[in-house]
Every structure is written in C-alpha cells, then in structure tokens.
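Colleague: Following this message is one structure expressed as structure tokens.
The values are calculated or read from the model by the stated rules, or taken from the named source; none is laboratory data. Predicted, not measured: the structure shown is a model, and the values here were computed from it. Neighbour counts are summed over all protein chains in view; Cβ atoms, including those assigned to glycine, are modelled from backbone coordinates with ideal geometry.
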Ligand SMILES: Cc1cc2nc3c(=O)[nH]c(=O)nc-3n(C[C@H](O)[C@H](O)[C@H](O)COP(=O)(O)OP(=O)(O)OC[C@H]3O[C@@H](n4cnc5c(N)ncnc54)[C@H](O)[C@@H]3O)c2cc1C
C-alpha cells in the first residue's frame, strides 16, 4: 500500500504527486479518466465519441435540460491540463483582498515563478503577427481600450495548427502529464490507477481507506459512474484533488455514506461552505463577424489579453471546443434572432476568415453563487446563473462594432445561460481546509490540493493560481525549510 493516495491528477493532484514522490514517499494516483500519453490516441476532432472521454459536463444532459448554468472540466491523467488552452496569467494584486492572512500577490509570486518555469510558460514572440490578435488590437484601439499584451502560454515550439484543445497532437502544449506527472513517474514511486472514481474516504483503524468504483464500465462521461463493485486502497495520507465540482461532493459523501463494518467516518468539520462559494471566473464570450481578415482558427486558443482591472478580454479562437460546440450563437436576420436558415448559413460561410470572438475572464458582481451537492454519487450543480463582470460585454461588443462588424448573441444574451470552464472554490480555505497546509479541519492527514480551496475569484484564467497555491501548500505539508507560515 502507498504512503499517500492522491485523488485526481489535474493541476493540484499532479503537483502533490510530484512533491511527495520527490520527497521519497510512494504515491498512488486514483483518477476517473484515462491515460493519454500514447500519441496514437490523439485526434484533432470534435467527435463526441472522443470529446466526452476528455471532458466532464455539469449537468451532463444540458443539451436537453437547457439549464442556466453549465460547467465543463477536463478528465484523464493530467486532468484539466490535457484540454486547457495553456494560458498562465497571475491574479492581480487586488484579487487577494479578503483571502486568509499571508495570501498576497507578492507572497505568491515565487510560487507562480516555480510553476511557470516547470511548465515552460512564455509569450510567443510573434503573437501580433497573427491576424486574430492583430485585428483584436486594432479593434481595441478603435474602441478606446488599452492595447492587448501577449498571453503567457505553457507551450514550446507551437506549430500554430489551432488544435490545443483537445490535447496537442504534437506534444507542444506542456501539460501536467508532460511535466509534473512525468517527474513523479521518473522517481519510480508513483502508481497510477486510471478509470477509477472515488466514492468516499473513511477511516479503517489508523489508516484512510479510499473506496472507489471502476469507470471503465462506460465508454465516456466517466464522471457519472455511481454504481458497481467497490474496491479500495489505503494509506496514512490522502490528498483530494478532484477540482471544484468533485472534491466538495466527495467530502459530502464521506460525511454521509453508510459505511461497512470496521470502517469509521472521517471527523466532522464545519460544512457551511462545503460545496459553496464556487466562482465562475467570468468566462463569457462575445462574437461576431468583422470585415477584416481574422484567420480566426490559426494560432493558440487565446493569444493576447487586455487588462481591465477586475477582468481581462482575450482574443478567442473559433474552433468550437468544449461548451462552444454545444452552445450556439444567434444573429438577427429579418428582424428575428435566428440560429438556422439559409441566411444564417450564409453568414457563417466565411467564419474562418471573418469571425472574431472575445473572451471575458473576471470578477462577476454576483460572485461565487454556484454550488454543488452530492446527488446519489454524482455532482449536482446549482441552477442560478452568475453575472458577467460589469461593463465587460459592452467593451467586448465595442471591439467588434468599432471594426465595422456585426455582433451575434451568445447563450447569455439569448437565454441567460452562464457557461464556464474556470470554476474555483467549493472547499474554501479558512472554513473547510486550513489555509496553511490545506488539511481538512479536524482530519490530520486528509488534505485538499486543487482549485476548490481558492476562497474567492482570481479574476483571471485560474490554473496558474491553483498551481502556485498547490506548490505553496506542498512546501508546508512536506516541512520544507523556509516554508511559509501562512
Ligand atoms: C477547454 C478548457 C480550457 C481551459 N483553458 C484554461 C487556460 O488556458 N488557462 C487556465 O488557467 N485554465 C484553463 N482551464 C481551466 C483549468 O483546466 C482548470 O482551472 C484546472 O484544470 C483546475 O485544476 P484542478 O487541479 O482544480 O482540477 P482538474 O484539473 O479538473 O483535475 C481534477 C481531476 O480529478 C479527477 N477526479 C475528479 N473527481 C474524481 C473522483 N471522485 N475520483 C477520481 N478522480 C476524480 C478528474 O477526472 C480530473 O482529472 C480550461 C478548462 C477547460 C475545460
């Protein structure tokens, strides 16, 4: 049996696995998705038979149920890093207001640097020689907005094919699989258990037992497995790293599931915030057609950003990935909002050439009003949409109209649907876990290290902050000399 069990292998889980193994501990990763190291498995495809093996949608049936809130996350050995766009922004100084003492931008900067170094984060020198960021910059100038700057990206020698999501076929996106998990595997101390979904964690004698289902009974959507035979691993230490949708409900199940003889429940702790304070980080998109040649599908997914303080605007790639493929935009044609018909089709004829999308990441006024609850083994998302950062959609529309373009209506404008791939919170530090080492209150040896511990909006694409906080927590957990006391 391993010294440590890590549940999930995204940003938090990979960092925990690397740090523990490099400290000489044997680690078992339990991950609900598959392994993707074999390049022969990778496809430049939107085929749902492929996509739904890599993405987790909440709620899973949102095409039929048309909820007001949709969250999409990655899964597999590498978690969200497999499908992410590689954008690594640091949270602005004012984002840390209200966080537990010690969490400031200055104090986190060394940890951001450590993450960026390992992931090879750098800006592309020729960012603005691509048409999309360059048209975006032109529109920003015409709209009287600040000039965009190139995004720092976790990519090396990008071939600019535009298929970063899902998983770069050429291995140029520096995912956790290529970096932190490879480091952990190189120690010889990491065992990997993929296609397994943890049902609950309980005590068995002095150890923790991590009890799981196998998910290979499904061809995709592994995250909705909630039945079948149960298996277990046990260890003295457990790190929960299932992300904002799954870590809170795993703890909820651990507090409520009936236990077999011989098992005892983990110790209770304050659950007031468990599954709550989940923030969508903005994640709105405004799109339209402009007269300029955009070559919208060329280059990385979002190559530049305009810093607007509480939010950023980013030039967004048009290959419809993740939620984009399923949440269509309407155009006003013949006085009506349409998503069909000949005129609509004609409008899309030159979409690759003339479509310009603007992504919005930031702080919404309604803030962290999303929540998740355990629903018979699955994560059930709340249904109230959060709001866009004030002024952000207007600023994005201005870019398109200042270029002489026509703006479409996305899911928010048409139906009040907020969709995000950037949830944080759910097990916030200060109430569910200790801010120092992310130990679940009252449960020595049980930690949460992932995006769920973030206590408030980071106002930017969150992976860099999730990873920096994870590195910091691991310094404390491992008792590294000079580890922060906050
Ligand atoms: C299409 C897309 C593009 C994105 N682009 C960016 C970007 O460019 N920049 C950025 O900052 N962020 C981006 N994100 C967001 C980013 O992926 C997440 O913020 C990040 O991955 C969260 O890290 P995490 O460690 O909290 O969880 P995750 O990376 O989601 O990892 C959690 C892992 O745990 C596994 N798991 C969950 N529950 C269980 C269970 N019960 N048992 C076993 N395993 C479990 C999951 O399968 C998953 O692999 C993007 C997300 C998507 C979907």
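Colleague: Among the residues of the stretch 58-79, which ones are surrounded by 14 or more Cβ atoms within 10 Å (Cβ to Cβ) and more than 12 Å from the chain's Cα centre (by Cα)? Working first, answer last.
Modeller: Step one: of the stretch 58-79, the residues surrounded by 14 or more Cβ atoms within 10 Å (Cβ to Cβ) are 58-60, 62, 67-79.
Passing the criteria: 58, 59, 60, 62, 67, 68, 69, 70, 76, 77.
Colleague: So, one more: Can residue 170 be described as farther than 30 Å from residue 486 by Cα, without any contact (Cβ under 8 Å) to a residue 24 or more places away in the chain and outside any helix (DSSP H, G or I)?
Modeller: On the way: farther than 30 Å from residue 486 by Cα: yes; without any contact (Cβ under 8 Å) to a residue 24 or more places away in the chain: yes; outside any helix (DSSP H, G or I): yes.
Yes.
Colleague: Further question on the same structure: Considering 470, 483, 396, 385, which residue is surrounded by 24 or more Cβ atoms within 10 Å (Cβ to Cβ) and more than 16 Å from the ligand (Cβ to nearest atom)?
Modeller: Result of the check over 470, 483, 396, 385: 396.
Colleague: In addition: Which residues, counting only those in the stretch 430-443, are within 20 Å of residue 280 (Cβ to Cβ) and crowded, with 24+ Cβ neighbours inside 10 Å?
Modeller: 432
Colleague: Can you name the residue in the stretch 85-95 that is more than 6 Å from the ligand (Cβ to nearest atom) and buried (at least 21 other Cβ atoms within 10 Å of the Cβ) and, of all such residues, is nearest to residue 119 (Cα to Cα)?
Modeller: Top of the filtered list is 88.
Colleague: Here is a further query. What pairs come out if I take residues in the stretch 61-73 that are under 19 Å from residue 285 (Cα atoms) and at pLDDT below 85 and pair them with residues that are within 16 Å of the ligand (Cβ to nearest atom) and not in a loop (DSSP other than H, G, I, E, B) whose C-beta lies under 7 Å away, six or more apart or interchain?
Modeller: Note: pairs meeting the criteria are 62/70.
Colleague: Among the residues of the stretch 148-162, are any touching a helix residue (DSSP H, G or I) at 6+ places or on another chain (Cβ under 6 Å), within 17 Å of residue 312 (Cα to Cα), within 15 Å of the ligand (Cβ to nearest atom) and touching a residue at least 40 places away in the same chain (Cβ under 8 Å)?
Modeller: Taking every residue of the stretch 148-162 in turn, at least one turns out to be touching a helix residue (DSSP H, G or I) at 6+ places or on another chain (Cβ under 6 Å), within 17 Å of residue 312 (Cα to Cα), within 15 Å of the ligand (Cβ to nearest atom) and touching a residue at least 40 places away in the same chain (Cβ under 8 Å).
Colleague: Looking at 254, 244, 227 in this structure, which one is closer than 29 Å to residue 364 by Cα and within 27 Å of the chain's Cα centre (by Cα)?
Modeller: Going through 254, 244, 227 in turn, just one is closer than 29 Å to residue 364 by Cα and within 27 Å of the chain's Cα centre (by Cα): 244.
Colleague: Taking residue 267 as meeting all but one of (1) within 12 Å of the ligand (Cβ to nearest atom); (2) assigned to a loop (DSSP other than H, G, I, E, B), write down the number of the exception.
Modeller: All conditions pass for residue 267, except number (1).
Colleague: Filter the stretch 60-73 down to the residues that are touching a strand residue (DSSP E or B) at 6+ places or on another chain (Cβ under 6 Å) and either within 12 Å of the ligand (Cβ to nearest atom) or assigned to a loop (DSSP other than H, G, I, E, B) (or both) and list them by number.
Modeller: Within the stretch 60-73, 70, 71, 72, 73 meet the criteria.
Colleague: So, one more: Restricting to the stretch 13-56, name every residue that is part of a helix (DSSP H, G or I) and more than 15 Å from the ligand (Cβ to nearest atom).
Modeller: Passing the criteria: 20, 21, 22, 39, 40, 41, 49.
Colleague: Test residue 25 against the criterion of being more than 19 Å from residue 224 (Cα to Cα), touching a residue at least 24 places away in the same chain (Cβ under 8 Å), touching a strand residue (DSSP E or B) at 6+ places or on another chain (Cβ under 6 Å) and surrounded by fewer than 23 Cβ atoms within 10 Å (Cβ to Cβ), and give yes or no. Break it down stepwise before answering.
Modeller: Values: more than 19 Å from residue 224 (Cα to Cα): yes; touching a residue at least 24 places away in the same chain (Cβ under 8 Å): yes; touching a strand residue (DSSP E or B) at 6+ places or on another chain (Cβ under 6 Å): yes; surrounded by fewer than 23 Cβ atoms within 10 Å (Cβ to Cβ): yes.
Yes; evaluated as a whole, the condition is true for this residue.
Colleague: Do we have residue 275 as surrounded by fewer than 23 Cβ atoms within 10 Å (Cβ to Cβ), at positive phi and more than 11 Å from the ligand (Cβ to nearest atom) here? Walk me through how you get there before you give the answer.
Modeller: Values: surrounded by fewer than 23 Cβ atoms within 10 Å (Cβ to Cβ): no; at positive phi: yes; more than 11 Å from the ligand (Cβ to nearest atom): yes.
For residue 275, the condition - surrounded by fewer than 23 Cβ atoms within 10 Å (Cβ to Cβ), at positive phi and more than 11 Å from the ligand (Cβ to nearest atom) - is not met.
Colleague: Identify all residues within the stretch 119-133 that are out of contact with any strand residue (DSSP E or B) (no Cβ under 8 Å at 6 or more places or on another chain) and buried (at least 20 other Cβ atoms within 10 Å of the Cβ); write none if there are none.
Modeller: 119
Colleague: Can you report the number of residues in the stretch 173-190 which are farther than 16 Å from residue 239 by Cβ and part of a strand (DSSP E or B)?
Modeller: The number of residues fulfilling the criteria is 1.
Colleague: Filter the strands (runs of 3 or more DSSP E) completely within the stretch 191-249 down to those with at least 3 residues that are more than 9 Å from the ligand (Cβ to nearest atom) and over 27 Å from residue 421 (Cβ atoms). First the steps, then the outcome.
Modeller: Working: elements: 196-204, 207-214, 231-235, 237-240.
Answer list for the stretch 191-249: 196-204, 207-214, 231-235.
Colleague: Looking at this structure, is residue 82 under 18 Å from residue 301 (Cβ atoms), surrounded by fewer than 24 Cβ atoms within 10 Å (Cβ to Cβ) and within 10 Å of the ligand (Cβ to nearest atom)?
Modeller: Answer is no for this residue.
Colleague: Inside the stretch 1-21, can you point out the residues that are closer than 16 Å to residue 118 by Cα and within 20 Å of the chain's Cα centre (by Cα)?
Modeller: Correct list: 10, 11, 12, 13, 14, 15, 16, 17, 18.
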